[in-house]
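The values are calculated or read from the model by the stated rules, or taken from the named source; none is laboratory data. Computed from a predicted model, the values in this text were never measured in an experiment. Counting neighbours? That spans all protein chains shown, and the Cβs are built from the backbone with ideal geometry, glycine included. Ligands, DNA and RNA are excluded from the accessible area calculation, which covers all protein heavy atoms including side chains. Shrake-Rupley method; radii C 1.70, N 1.55, O 1.52, S 1.80 Å.
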Amino acid sequence: MSKVRIMSHLIAGYPDDEGMYAAARGLVEGGAAYLEIQLPFSDPSADGPAIQKACSEVLSRGYRVAQGMKAIRDLKVLYPQVPVFIMTYANLAYCIGIESFVASAQESGAEGLIIPDLPFDADEGLNAACEKYGITSVIVAAPSMSAERIEKMTRENRPYIYAALRAGITGEQTHLDESILSFIERVRGSSRVLGGFGISTGQQAALLAPHVDAVVVGSAFVRLITSASAEGPEAITSALKEKMHKLTGCTEPS
Amino acid sequence: MNVDRKGYFDRFGGRYVAEILYQPLEELERAFNEAMEDPLFIEELKRMQHQYVGRPTPLMKAENVSRLLDAEIYIKLEGYAHTGAHKINNALGQVLLAKKMGKTRVIAETGAGQHGIATAAACAHLGMPCVVYMGSTDADRQQPNVAGMELYGAQVVRVESGSKTLKDAVNEALRDWAGSFGETHYVLGSALGPAPYPDIVRTFQSIIGKETKEQTAELGFIPDTLIACVGGGSNAIGFFSSFLADDAVNMIGVEAGGRGEKSGEHAVRMSDESSRDAIIQGYKSRFLVDEDGQVLNTHSISAGLDYPGIGPQLASLGERGRITFTRASDREALDALKFFAEHEGVLFALESAHAAAVAIKLAQQKSLKGKTVINMSGRGEKDLFITSAVLRKEEWRSFLLDELKRLEETDV
Ligand SMILES: Cc1ncc(COP(=O)(O)O)c(C=O)c1O
């Protein structure tokens, strides 16, 4: 069986700078196909408690967007082979200026942006700016979308679609069933599908993997980072590497 | 206004939500438009506004205050509505709409607790289960409203994230709704959020202005000046909307000046340079954010005026110069509250007292024009815990200590 491809989620600056590099190392050495790096926002209304708490801890240190961009640049130097997507909320891109934000994302070496609260048909020029700078703007599709809206979305022909596999927020359990698999087929179009929301076990990842380009795992990693951080950076690296192995199916299943 | 793009007021408004919420917002917009065309819905709402809420709320001439200030001041006593504030107008309308939509559960956010208590009461009245999200800072300073909501059978969920105030309660309600919209309606409490909420809330609140227009006409005049406090903006837009077309009517929106000019000490978005254009909680408007776009802390003595953003229609009317924005400090609001209580026998909510404070200030400067109506959006009993702690600290302290002792000695 081929290895499961994982897009793994990290929060810039969490638990601290050193800890974040340690986490990235664990994920990459564990075989991450993509890194999704979240720039913390004060009001993450699509995120569950694990990510909320992590973001507000980072921001309480006065963490700036520019520091997050620099961290991404550093990671790209360390791991040039792993594509990085920046995930954040509309306001961080909008206040700095969509074009300057996209420019600095491109400069940091990111492959693209995931901004769930900039809908693809009201994105404040995000996609146009991304095209100009040669990076991609990833649409987040959701199971509540009407057939009409899915069609409008697939006509965009974006390189990637992020399929949020259930209603709700990050960090809750998702049960994979027929309706989810058919949703993935409906949104695919000509895009590569990144599928996730509530994926935390190797079993779930293996079930989903044949249907997507990569399985997105977010809160499960954030929770591990939180619990390993007391023991220091090495503990973070090894905890994430081990988890990654379970998710990709590269070692014995748990 | 509302020109080419649906859901926008000039450059403000819109529907900036994660894709999951697009469909529920479309469904809501359709249902709302249908309800507004449905004579049975309108009839039912009118009946409840009269029999349950106690509408119309009175308009009174503030004779004593007018004499003392050498001005002509009227008060729209909106706080006499059931549950003590204008919030019931919107809550009742939306809960009735939720029923019509076939929803079986209602959620709401609340700041001061006034919207929460209004929604809880409306839900009890219409037989709907209700969950209210409330920042823990707000829940602590508005205990009487928490107790009230619970009496009406609502579940009050304390929100511990972020600044633990209104904006965090909105985030938490949005999170709930993103997973529950199939059976749940989210009753947003102010004229903000993603379209169609600003239109829905304005429509249900516009009864304040309609009545004011009729009541002043009965007394034989058209007001020269209207003054309302502005948190998210629902009482203000509801009060102003019937008069917007009449350019002779001067409109003043009063923001929380708090305890100082520094960032974090107030919630002034329109009357100075503190705010920026931002996209937060589903809409574009003026918000108090830092250079990166992170939401800043705010302060007001009143829990209802410390929201870091402002409804999109008010932001646009402010920029167009149709509404003049100004501020009142914590201290000025308290002084105004005392002044109207002592001289008029009317107890303003701390939020509404900000509007009263500006009426006093302008009258003293001889720049209050003609016949003025202040919207008393709420009544002040809910704030006795706050006002007592400031105005009669020692007596209040010994009362609380004694009360605690009594509580521990008896078990009822
Ligand atoms: C009595 C009263 N007035 C005003 C407000 C502010 O809200 P808005 O600006 O939406 O009227 C509140 C909010 O809780 C309130 O309770």
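Hey, any hits in the stretch A:69-87 for a residue that's in contact (Cβ under 8 Å) with a residue 24 or more places away in the chain, closer than 16 Å to A:Ser229 by Cβ, part of a helix (DSSP H, G or I) and more than 10 Å from every other protein chain (Cβ to nearest Cβ)?
no
Which of the residues spanning the stretch B:63-102 are within 12 Å of the ligand (Cβ to nearest atom) and without any contact (Cβ under 8 Å) to a residue 60 or more places away in the chain?
If the condition is that a residue be within 12 Å of the ligand (Cβ to nearest atom) and without any contact (Cβ under 8 Å) to a residue 60 or more places away in the chain, then B:Ala81, B:Ile88 are the ones that fit.
So for the stretch B:293-302 (the condition being open to solvent by less than 10 Å² (accessible area, probe 1.4 Å) and within 22 Å of A:Tyr63 (Cα to Cα)), does at least one residue qualify? Give the derivation first.
Pass one, the stretch B:293-302, residues open to solvent by less than 10 Å² (accessible area, probe 1.4 Å): B:293, B:300, B:302.
Cutting the leftovers down to within 22 Å of A:Tyr63 (Cα to Cα) gives us B:293.
Yes - at least one qualifying residue is present in the stretch B:293-302.
Tally the residues that are open to solvent by less than 30 Å² (accessible area, probe 1.4 Å) and at positive phi, restricting the search to the stretch B:39-93.
Summing the residues that are open to solvent by less than 30 Å² (accessible area, probe 1.4 Å) and at positive phi in the stretch B:39-93 gives 2.
With a cut-off of at least 2 residues that are touching a residue at least 12 places away in the same chain (Cβ under 8 Å), open to solvent by less than 50 Å² (accessible area, probe 1.4 Å) and within 13 Å of chain B (Cβ to nearest Cβ), name the strands (runs of 3 or more DSSP E) lying wholly within the stretch A:108-221. Steps first, answer last, please.
Working: elements: A:112-114, A:136-141, A:160-164, A:192-196, A:214-217.
Ranges flagged: A:136-141, A:160-164.
Given the criterion more than 20 Å from B:Gly209 (Cα to Cα), within 12 Å of the ligand (Cβ to nearest atom), under 16 Å from the mean Cα position of the chain (by Cα) and surrounded by 14 or more Cβ atoms within 10 Å (Cβ to Cβ), identify the matching residue among B:Gly311, B:Gly380. Reasoning before the result, please.
On the way: B:Gly311 fails: more than 20 Å from B:Gly209 (Cα to Cα).
Exactly one of B:Gly311, B:Gly380 is more than 20 Å from B:Gly209 (Cα to Cα), within 12 Å of the ligand (Cβ to nearest atom), under 16 Å from the mean Cα position of the chain (by Cα) and surrounded by 14 or more Cβ atoms within 10 Å (Cβ to Cβ), namely B:Gly380.
Looking only at residues that are more than 30 Å from A:Leu165 (Cβ to Cβ) and more than 14 Å from chain A (Cβ to nearest Cβ) in the stretch B:1-31, which one is surrounded by the most Cβ atoms within 10 Å (Cβ to Cβ)?
Of everything passing the filter in the stretch B:1-31, B:Phe9 is surrounded by the most Cβ atoms within 10 Å (Cβ to Cβ).
Do you know which of the residues in the stretch B:354-373 that are farther than 19 Å from B:Thr212 by Cβ and surrounded by 20 or more Cβ atoms within 10 Å (Cβ to Cβ) is nearest to the ligand (Cβ to nearest atom)?
B:Ala357
Out of curiosity, is B:Gly232 small (Gly, Ala, Ser), within 15 Å of the ligand (Cβ to nearest atom) and surrounded by 24 or more Cβ atoms within 10 Å (Cβ to Cβ)?
Values: small (Gly, Ala, Ser): yes; within 15 Å of the ligand (Cβ to nearest atom): yes; surrounded by 24 or more Cβ atoms within 10 Å (Cβ to Cβ): yes.
In short, yes.
Note down all Cβ pairs under 6 Å where the first residue falls in the stretch A:226-241 and is in contact (Cβ under 8 Å) with a residue 40 or more places away in the chain, the second is crowded, with 19+ Cβ neighbours inside 10 Å and not in a helix (DSSP H, G or I), and they're at least six residues apart or on different chains.
So the pair list comes out as A:Ser229/A:Pro15; A:Lys241/A:Gly30.
Condition check: touching a Lys or Arg at 6+ places or on another chain (Cβ under 8 Å) and of a type in the set (Phe, Trp, Tyr). Does B:Tyr52 satisfy that? Before the answer, list the steps.
Numbers: touching a Lys or Arg at 6+ places or on another chain (Cβ under 8 Å): no; of a type in the set (Phe, Trp, Tyr): yes.
So B:Tyr52 fails the test.
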